[in-house]
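Computed from the coordinates by the stated procedures, all read-outs in this text should not be read as laboratory data. The model shown is predicted, which means the values in this text are computed figures rather than measured ones. Note: ideal-geometry Cβ built from the backbone for every residue, glycine included; neighbour counts use all protein chains shown.
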Amino acid sequence: MSFYLNSRFTFADMSSGGNAGKLAKFFLVACTAFVAATVAVVYLSAFMPVYLAKIASIVVSLALNYGLSRLLVFKST
C-alpha cells in the first residue's frame, strides 16, 4: 500500500511498466531506513531519554526514506 500511495500521490509517478524493479528498490530503501532508525535509537538513547531518541529516529527515517525514494525509486525522467 505504501508503494502504491507513494508512487501515485507523493511522487506522482505515472510511468508505466517497471513496477517490479521499483518495488524491489522501494523495499530496499524501506529496509535501509528501518536499519538507520534502529541504529539512531540505539546510539542516541545513550545520550538522551529513549522517547527523544525515538522521535529523532523517526526524523532520520523519514528523511532517509523520502530522499532515497526520490533519488533511486521514483526518479524523474
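I'd like the FRET efficiency for residue 24 and residue 59, computed as 1/(1 + (r/R0)^6) with the beta carbon distance as r and R0 of 22 Å, rounded to 0.05. The calculated FRET efficiency here is 0.25.
Between residue 4 and residue 45, full extension at 0.36 nm per residue minus the direct alpha carbon distance yields a gain of 11.4 nm.
Spin-label pair residue 72-residue 35: with each label point 7 Å from Cα along the Cα-Cβ axis, the two points sit 0.9 nm from one another.
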